[in-house]
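Report on the following structure.
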Amino acid sequence: MELRAFENQSEKRTRRIIEIATRDTVYWVNAKTRLEDVFAPSEGDSNRERSFLRYAHFDYTLHRQSSSEAIWAFEFDGPGHTSDPDVIRRDLLKNRICARANLPLLRIEDDLLAAIDGISLLEWLIRRWMIHEKIMPRMIEGRDRAAADYSEQDWGEFKVTDGIFITPPELDVNFLFDLTNPYPPLPKVSLRLLRDYGIREGMSLELGSDNREDSVQCLATEAIWDISTGGPLPDLNSYGLHSRSYCDVQLRRAGQDWLSEPAFEATGEYLARVAYPLFSNQRTLCETDPETREFGVCGPPYGGSLWAAGPMIAWYRALREVEKWAAKNLPRVA
């Protein structure tokens with residue numbers, strides 16, 4: 001009998017990031033949590049499902065100190081999760097159990113662990129989710145109070161057809177949440193573009209404006225170039241279990257007509273998983289399990305989902321393309 005490693009290196013990085021993100025909060029993380037400790041069997045569960053609860057585990061679970069239940073599960077998926085038939089079957093079963101019990105699940109690959117401008121996507125998703133949990137109920141209450149004060153004439157300005165209205169920006173709580181909780185590398189790349197090359201992208205600069213001396217000084221820099229931004233937007237085409245977000249940018253000399261030919265243009269995009277499959281060969285969210293006829297959605301919670309935050313990541317990627325082009329083609333601002 002020999003001792004074996006409790007975690008591989010990727011799992012260890014995952015745990016470290018989760019612990020850093022939840023440090024000094026009301027949340028705590030548990031490793032190698034048995035499914036039997038998270039779920040209680042119910043009438044109608046198959047013998048296979050009951051057996052699975054006894055021997056299977058989550059890599060990590062997140063808990064609230066004031067609650068006795070797990071509130072989020074994390075799985076690190078290595079190469080075998082897309083190639084080994086037995087692993088895939090276990091993953092599908094685990095997905096179905098999470099969907100049935102309404103437990104959020106995040107499947108993690110290496111791209112979520114890589115640090116970009118000092119923060120990984122995983123750490124940001126967890127921090128974003130914690131803020132969302134804390135402030136969104138108050139934002140919704142404020143929205144509802146403000147909406148109640150709108151007159152019929154006010155609503156008429158946002159009417160598209162009978163019974164359908166465009167949400168006023170001041171009532172769009174998800175839009176306001178994104179403005180106050182941006183993807184951290186996004187305002188950083190905007191400040192670098194302005195500081196290093198005189199390239200101004202106004203919308204993302206607003207996300208990063210604060211009282212820090214370096215930011216204030218940078219924002220006072222005169223622009224040599226301007227960026228026009230189309231989006232960021234979700235792509236409304238069907239991508240199965242994924243959601244595509246994109247952002248178009250065009251670079252022109254400051255003061256140049258926006259209809260003129262741009263010096264550079266690029267599209268940033270991000271393809272994020274909306275949910276995880278519940279049965280083999282599932283291709284869309286609306287499919288039901290051919291064996292049980294069950295319909296369910298398994299994935300991370302909205303506040304911590306990549307598909308909800310995808311437009312900001314696409315926006316960042318578009319500006320990074322501008323930065324790469326500028327590094328090759330423009331002199332740095334003295």
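The values are calculated or read from the model by the stated rules, or taken from the named source; none is laboratory data. Here the structure is a predicted model, which means the values were calculated and not measured. Please note: Cβ atoms are built from the backbone with ideal geometry, for glycine as well, and neighbour counts cover all protein chains shown.
Summary of computed values
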{"item": "Qualifying positions in segment 81-120 - in contact with a Pro (Cβ under 8 Å, 6 or more places away or on another chain) and more than 28 Å from LYS188 (Cβ to Cβ)", "result": "LEU92, ASN95, CYS98, PRO104, LEU105"}
{"item": "Residue in segment 319-327 that is closer than 30 Å to ASP86 by Cβ and either without any contact (Cβ under 8 Å) to a residue 24 or more places away in the chain or crowded, with 19+ Cβ neighbours inside 10 Å (or both) present", "result": "no"}
{"item": "Matching residues in segment 314-332 - criterion: being touching a Phe, Trp or Tyr at 6+ places or on another chain (Cβ under 6 Å) and either more than 17 Å from ASP248 (Cα to Cα) or at pLDDT below 95 (or both)", "result": "LEU330"}
{"item": "Any hit, segment 145-161, residues being of a type outside the set (Ser, Thr, Tyr), within 30 Å of ALA223 (Cα to Cα) and either outside the structural domain of ARG16 (by TED's automatic domain parsing) or touching a Cys at 6+ places or on another chain (Cβ under 9 Å) (or both)", "result": "no"}
{"item": "Residue pairs meeting the criteria (Cβ under 6 Å; at least 6 apart or on separate chains; first exposed (fewer than 15 other Cβ atoms within 10 Å of the Cβ), in segment 42-70; second among the acidic types (Asp, Glu) and not in a loop (DSSP other than H, G, I, E, B))", "result": "ARG54/GLU36"}
{"item": "From ARG127, ARG107, ARG89, residue being at pLDDT 90 or above, surrounded by 15 or more Cβ atoms within 10 Å (Cβ to Cβ), part of a helix (DSSP H, G or I) and not assigned by TED's automatic domain parsing to the domain that holds PHE295", "result": "ARG127"}
{"item": "Residue count for segment 254-294, restricted to those that are of a type in the set (S, T, N, Q) and under 29 Å from SER228 (Cα atoms)", "result": "3"}
{"item": "Matching residues in segment 153-190 - criterion: being without any contact (Cβ under 8 Å) to a residue 60 or more places away in the chain, under 22 Å from GLY142 (Cα atoms) and among the charged types (D, E, K, R)", "result": "ASP154, GLU157, LYS159, GLU170, ASP172"}
{"item": "When residues of segment 30-41 are limited to those that are in contact with a helix residue (DSSP H, G or I) (Cβ under 7 Å, 6 or more places away or on another chain) and at pLDDT 90 or above, the one surrounded by the most Cβ atoms within 10 Å (Cβ to Cβ)", "result": "LEU35"}
{"item": "Criterion (free of Cβ contacts under 8 Å to residues at least 12 places away in the same chain and within 23 Å of ALA309 (Cβ to Cβ)) met by exactly one of ALA115, ALA73", "result": "ALA115"}
